[in-house]
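The values are calculated or read from the model by the stated rules, or taken from the named source; none is laboratory data. Everything numeric in this text was worked out from a predicted model, so none of it was measured. So basically every Cβ, Gly included, is an ideal-geometry build from the backbone, and we count neighbours across all protein chains shown.
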Amino acid sequence: MRTAALLALAGALVATPALADTTVIHAGAVIVDADSAPRGSSTITVTDGRIVSINDGFAPGPADAKTVDLKTKTIAPGMIDLHVHLTGDPGGDFWKGAVEPDEWDVVVGAKNARLTALAGFTTVREAGSGPASAFSLRRGTAEGFIDGPRIIAAGPSLAIVGGHGDVSGFRPEVNELLDSGFTCTGAVECAEKVRLASQNGADIIKITATGGVLSQQGRGLEAHFTDPEMKSIADTAHSLGLKVMAHAHGARGIEAASRAGIDSIEHGTYLDEAAARAMKANGTVLVPTLMAFKGVTERLGQGIYTPVVEAKIRDVADTARVFMGKALRWGVPIAFGTDAGVFGHGRNAGEFALMVEQGMSHRDAFAAATTNAARVLGMEGQIGRLAPGYSADLIAVDGNPLDDTATLENVGWVMVRGRIID
Ligand SMILES: [Zn+2]
């Protein structure tokens with residue numbers, strides 16, 4: 001990394017045009033996208049971070065190109081996780097917010113960005129962080145200062161006062177000190193907070209539309225924002241070219257968020273047929289985060305969570321095993337997201353087995369993490385498939401992930417934007 005920076009600097013000093021940086025990959029098989037049959041032996045040529053060509057057989061590259069031998073492997077598009085929290089590690093210690101500065105979040109995030117990329121996830125959507133930590137990480141991976149995926153970042157999520165996403169559990173004056181500045185009451189203030197998030201550099205607006213499991217508030221898991229507040233958030237975000245992702249558990253909260261024009265429902269735990277119908281009608285995508293439920297359930301009964309949180313986890317455990325399957329049968333569009341950070345970063349691909357357990361085919365689960373997820377981000381022309389002009393986001397695995405997504409839990413080689421992460 002340092003050598004590359006010095007070479008770039010030297011190049012700038014002598015003012016010569018930069019030489020194209022080309023990598024040639026010899027792949028045993030290639031999956032260009034989730035809908036197509038795998039290609040056989042192929043040569044993928046990558047120049048300056050983009051795929052230039054995919055040709056049959058093993059062809060030599062230009063004289064100055066680097067060649068990567070993956071003749072025994074299958075190359076597939078890098079995966080996309082639409083819901084991660086890079087700046088956090090699992091734990092029930094909610095008081096961390098009072099003792100750890102945002103600078104520490106960036107250090108934790110750099111560690112997790114690398115683990116995420118090594119697990120084969122070349123793009124992630126950061127679903128809520130401190131004021132600037134996720135934005136700093138986003139720049140860090142984009143400029144190649146740190147190893148990690150492309151990051152689409154929300155920054156702090158919008159919440160109601162005292163709701164999931166706001167601070168609870170401390171004395172009032174401490175809650176106030178730790179306030180992120182992104183709670184809102186009423187349509188006008190909520191619109192203002194969306195504009196503020198946009199001004200600060202958010203790529204996406206994250207809201208906590210209902211109560212949540214891991215916060216210290218014990219007011220249930222139903223709708224938090226009013227309908228006019230959610231409509232204001234969705235309309236304001238859309239007017240700025242931003243989409244809205246809503247954390248939501250309760251059925252009426254899911255339905256209301258969908259009707260308000262929110263673009264994706266994160267978790268969606270208690271979704272019922274009426275909520276599913278609203279989502280289908282509005283094209284609202286479900287991001288099920290099944291690994292989150294698995295992760296928190298694994299940690300029950302160890303004194304990790306406070307009693308209020310422990311009770312909420314026990315309440316959602318059963319429905320978490322079936323709700324995605326119901327959504328699938330009701331025709332709700334589903335895309336891949338895990339809530340990594342609630343469980344250990346790097347285990348993201350564990351989500352596939354849980355999706356398959358609830359009735360999704362391996363091929364559809366892979367599509368959820370590639371082409372479908374790219375569409376949710378509005379980036380279907382850049383990522384999620386392998387084709388000339390697309391970002392060189394590649395992974396190497398054994399076998400065929402379209403037949404068995406378990407192979408995606410052992411990614412052996414990763415390239416993000418043309419850069420090999422090892
Ligand atoms: Zn989350």
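Step by step: first the residues of the range 108-135, then only those that are modelled with pLDDT of 95 or more and within 14 Å of the ligand (Cβ to nearest atom), then the one that is nearest to PHE94 (Cα to Cα). Which residue is that?
ALA127
Looking at the range 280-290, is at least one residue within 15 Å of ALA223 (Cβ to Cβ), out of contact with any strand residue (DSSP E or B) (no Cβ under 7 Å at 6 or more places or on another chain) and more than 16 Å from the ligand (Cβ to nearest atom)?
No - not one qualifying residue is present in the range 280-290.
Starting from the range 301-330, keep only residues that are more than 16 Å from GLY211 (Cβ to Cβ), then list their pairs with residues that are of a type in the set (Gly, Ala, Ser) whose Cβ atoms are within a distance under 7 Å, requiring at least 6 positions of separation or different chains.
ILE304/GLY91; ILE304/GLY92; PHE323/GLY268; GLY325/GLY359; ALA327/GLY268; ALA327/ALA276; LEU328/GLY359; TRP330/ALA276
Polar (S, T, N, Q), under 19 Å from the mean Cα position of the chain (by Cα) and more than 22 Å from GLY384 (Cβ to Cβ): is that true of THR87 in this structure?
Here the answer is yes, as THR87 does meet what is asked.
May I ask you to list the residues in the range 369-408 that are in contact with a helix residue (DSSP H, G or I) (Cβ under 8 Å, 6 or more places away or on another chain), in a loop (DSSP other than H, G, I, E, B) and in contact (Cβ under 8 Å) with a residue 24 or more places away in the chain?
Correct list: ALA369, ILE383, GLY384, ARG385, ASP398, GLY399, ASN400, PRO401, LEU402, ASP403, ASP404.
Here are some residues: ASP93, ASP81, ASP89, ASP64. Which one is modelled with pLDDT under 95, within 22 Å of ASP147 (Cα to Cα) and not aromatic (Phe, Trp, Tyr)?
ASP89 is the lone residue from the list that is modelled with pLDDT under 95, within 22 Å of ASP147 (Cα to Cα) and not aromatic (Phe, Trp, Tyr).
For residues in the range 331-343 being crowded, with 16+ Cβ neighbours inside 10 Å and more than 14 Å from the chain's Cα centre (by Cα), which is nearest to GLU255 (Cα to Cα)?
Ranking the candidates gives VAL332 first.
Starting from the range 60-88, keep only residues that are touching a residue at least 24 places away in the same chain (Cβ under 8 Å) and closer than 17 Å to GLY120 by Cβ, then list their pairs with residues that are of a type in the set (A, V, I, L, M, F, W, C) and assigned to a loop (DSSP other than H, G, I, E, B) whose Cβ atoms are within a distance under 6 Å, requiring at least 6 positions of separation or different chains.
As it stands, the answer is ALA76/ILE31; PRO77/LEU386; MET79/ALA369; ILE80/ALA369; LEU82/ALA335; HIS83/ALA127, since those pairs meet every condition given.
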